[in-house]
Structure formats: C-alpha cells, structure tokens
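Take a look at the structure set out below.
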Amino acid sequence: MDKKEIKLYLENLLKNIEKFIESKLTTMGNDIKKREEYYILKNSIDLFLNDDKTNRFFIMSGIRGIGKTTILYQLYDYLKSEKHVPSRNILYLNLNRLRDLGEYEICDFFNVYKNDFGFKKDEKIVIFVDESQYLDNLNSVEKWINSDENKNIFIIFAGSNVISYELDSNSLEDTIIKMYPLNFIEYLNLNYNYTISLDVKKNLKNLILEGETGSLEEIPLNPYIKKHKDEWMNHIQYSSFPNLAQNNVLQISSTLDIKNEIIEKDLDSISSFTRLSRLLAYPLLNLLVMEDIKDLALNKLATTLNISKKNVSNLLFAFENIQILFHVEPYVSSGKSVRKAWKYFFISTQFKSAIYQISKDISTNYGEYYDSIAKNLVASALFKLKDNNYNLYYDATVDGVEFIVKSNEKIVPVDVNSNEDKLNKAIEEYDAEYGILVIDNLSNIEIKNNIIYIPLPLFSLI
C-alpha cells in the first residue's frame, strides 16, 4: 500500500473507532470486571503519560477468548474517560481487518499515523494492535519503537501466536505478558469482589518447587474453596473463560465455538494448512481428550486419522503455538534411555471438559472423566509455573508418578490422587528431598515426613 492509501484508511478508522469501542463495551456491560493484566498495562501507561519512557512496548500473548481484546477496549476507554487523552492520539488497529488490504508493512501505518496527522514533536501517542498473530514477527517493530524519534509512542500488541513474539533482543522478554484462562483466584475476585492476594500463586510456587513451608499461613484459600466448592467444580469445567454464558449447556457450546474459531482462524497464522488438514484438526483434538493419553504416539494418531505423521506433528506444533495445548516430555533417571511419546494437555480443563461431555455420557463414566480433568488441571498449573530454571516432565518409568518437576539442582516427583507408596518409591528413585501428593478431598495442606499433601483445588489457584 502506498502512503496515500494508508492515510485514507487511518482517517476512516479514526472517525469510527471511538463509537465502535463504546458500543462493544456497552454490549459487554458497564460492570464488566478487569483482569490483572489490565492493571499492569494501565500502570505502565500512567508512567508513560508522566514522562517515564522506559517501558513503551508490551505484548499480550494468550489463547483466543481470554479477554485480550476486552483489555484493549478498557484501556482505550480509560485513556479517553479518565486521562482525557484525545481520541486522535489513540490508534486501535485490528490486523484481521488489515488482511483485507493485501500485503503491508505495519511500520508504514505507524509512520503515516505519526507523521501525517498533525502531531507535535513531543505529543504522546498510544497504539493498540489487536490480532497480532497475523504478523510474521515483531523485530521490525522492536527497532522502530526503540528509535529516538519514536520515544513519545506507547504500543501494546495482543495476539495468540507465540512464534510471532520471538524477538531478536532478549532485553524485551519482560515485555511479553502471558495470559491464561482465569484461575480460581481471578474467578472469585471478578465474581465476588474478593480481595484475595495474587501472592498466593507465588507462595504455592515456592511450596511446590522449593519446598518452602514458611508461607503456608499466607495461602488462606481453604475457606473460600469450602464456601464455593460447587462453583470450583463449575469453574474447572465451564467458567475459566471470561464473558461466557452462565448456563452450563450454553457454556459447553460457547467453549466449542472458541475451539472452532481457533482452528478456523488461528491455525494458518502458524502454517498454511490444506482444507483436509484443517478438518482433521477437529478429530485430532477429540482423540487427545478421549483416548488413553499414554497410548497416543504419533504413528497411532496418524493411523487413526489416516494422515501422515508429519501432518499430525504439524497440527500439534500449531496447537501448541496458538496455546490451546502444551506437551510434556518423558523423564527417567540419568543414564537411562527412553523412547516414549510426548503427552499433550489442554491449557484449560474447560476445553477437555466440553469435548468429553459431547462425546460421552459422563454420568456413566464420571470417575474416568473426573480423573482426566484432575490430572490436566495439575499439569496445566505446573506448566504455568515453568520458567528458565524449571522444566516439567512425566514419569516414564513403569507405574511411575504422574509428573516430575526438575531444575539443575533438584527433582520433585508429583502424583495425583494416588498413594504414598508410589510417591515414596519415586522419591527414592530420583533421590528427591520431597514429593508432592495432590489429593482431591484433602481440606488443608499437610506435611508428613518428606511428602507435602496439597488439596487439588489449590492447583486451580495457579
């Protein structure tokens, strides 16, 4: 696109975007609550408006449907209503719409907006870019935002494709805000205005990964969980995505709609899939829910779907990068070799629950269903705790525990709704200081010998 076409597009956009966002927020309801990430970004915007130009580039990354676009709308409204920033100084770009224009360079839009709309040299500009998974990468934006002539510009990108956010500069790693479906703390805070500290997550992380028990008294969630046990069950099955209908049947339908949108809209942001491959993405996700997870080697998936192992591998890779799935690799003691398939889990148990409930009668298979949801919940929580110092594995030994959390210095075996004998065997096998046993009906965290017993609902707080 040439400069004239870009300017015309932006002029038309700026005429209508304020009313568009107002109508969207009105439709959602004026009392819609704000997630933690909203406040993180709001505080950074406030610093920018007060001439602190240290951090002016942020990326919200997370699966479709968790509220990234809503946060951009809320921040737009905050700038207009509370900070009284003129609407001409706020640009909201939806890259799904820009696809209609053919090939383009995003920085060309930024330059035309900055240079051709009458801004003074020191005038501040805020840019929101939605559906940014449609960009190949953000390295050109990184260079653009860091140039001296653009110090008065603040940019937030929001999208689902983690590949797009592989930046050349390691210094920008802190700009990526990873968003996940609601945990139970956020659910209670949003629905009941509880002021439960988000430090609970940090304290649980220290307990699980480091065995630090000094902060146990700072994990005061049991009263809330007891009071809202039915809602906890509802949360892990139906309500980890904000703004969905409250009726369980409708929530299942809405969850499946999100899953279908991910397949239809987001897969191609990773790679170009044929129509057949995209159609086979649906039964592939079903297989990952319904089949015994330990038997899901690539060749079995390929045979069942009647496609090549390469196509299965490409689909799984895409699902991980649009953040509906994650994988866990096998682990055995050092010095031993292992050739076992990766295990795949859903980032939200809500997907697993919805697919399961339309495929089977859970009233006749409830034990199997609940066990599957419980293990996925623990896997997802441990995955969210991963960082550069810790990795998550599954125990590849015969009759082993469910998970192994490993750092350079220690190994922590984790089992779910099992018995002490299996966990004690793993503690001895891996020379671990302690192990974690996740128990469904436990009322409080307990420590006996070298085992830390944690109630299953506490993992939904992570």
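Points worth noting:
- Screening Glu261, Glu329 for residues that are of a type in the set (D, E, K, R), within 17 Å of the chain's Cα centre (by Cα) and surrounded by fewer than 20 Cβ atoms within 10 Å (Cβ to Cβ) leaves exactly one candidate, Glu261.
Listed here are the residues, each with its yes/no results for (1) modelled with pLDDT under 95; (2) exposed (fewer than 14 other Cβ atoms within 10 Å of the Cβ); (3) out of contact with any strand residue (DSSP E or B) (no Cβ under 8 Å at 6 or more places or on another chain); (4) in the same structural domain as Phe157 (by TED's automatic domain parsing).
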residue: Ile21; (1), (2), (3), (4): yes, no, no, yes
residue: Thr26; (1), (2), (3), (4): yes, yes, yes, yes
residue: Asp31; (1), (2), (3), (4): yes, yes, yes, yes
residue: Leu47; (1), (2), (3), (4): no, no, yes, yes
residue: Leu79; (1), (2), (3), (4): no, no, no, yes
residue: Leu101; (1), (2), (3), (4): yes, yes, yes, yes
residue: Tyr113; (1), (2), (3), (4): no, no, no, yes
residue: Lys120; (1), (2), (3), (4): yes, yes, yes, yes
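- Among the candidates Ile155, Ile185, the residue that is within 23 Å of the chain's Cα centre (by Cα), modelled with pLDDT under 85 and of a type outside the set (Gly, Ala, Ser) is uniquely Ile185.
Residues are listed down the side, and each one gets a yes or a no for (1) touching a Cys at 6+ places or on another chain (Cβ under 6 Å); (2) without any contact (Cβ under 8 Å) to a residue 12 or more places away in the chain; (3) part of a helix (DSSP H, G or I); (4) within 30 Å of Asp174 (Cβ to Cβ):
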residue: Ser372; (1), (2), (3), (4): no, no, yes, no
residue: Asn376; (1), (2), (3), (4): no, no, yes, yes
residue: Leu392; (1), (2), (3), (4): no, no, no, yes
residue: Gly400; (1), (2), (3), (4): no, no, no, no
residue: Ser418; (1), (2), (3), (4): no, no, no, no
residue: Ile436; (1), (2), (3), (4): no, no, no, yes
residue: Asn444; (1), (2), (3), (4): no, no, no, no
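- Any chance Ile252 is at pLDDT 75 or above, closer than 30 Å to Glu329 by Cβ and among the β-branched types (Val, Ile, Thr): no
- Looking only at residues of the stretch 409-429 that are buried (at least 16 other Cβ atoms within 10 Å of the Cβ) and among the acidic types (Asp, Glu), we find that the one that is farthest from Leu456 (Cα to Cα) is Glu429.
- Of all residues making up the stretch 341-369, the number that are out of contact with any strand residue (DSSP E or B) (no Cβ under 7 Å at 6 or more places or on another chain) and either closer than 24 Å to Lys406 by Cβ or in contact (Cβ under 8 Å) with a residue 12 or more places away in the chain (or both): 14
- For the stretch 1-19, filtered to residues that are of a type outside the set (A, V, I, L, M) and surrounded by 15 or more Cβ atoms within 10 Å (Cβ to Cβ), the residue that is nearest to Ile66 (Cα to Cα) is Glu18.
The values are calculated or read from the model by the stated rules, or taken from the named source; none is laboratory data. Keep in mind it's a predicted model, so treat the numbers as computed, not measured. Glycine gets a Cβ as well: all are built from the backbone with ideal geometry, and neighbour counts include every protein chain shown.
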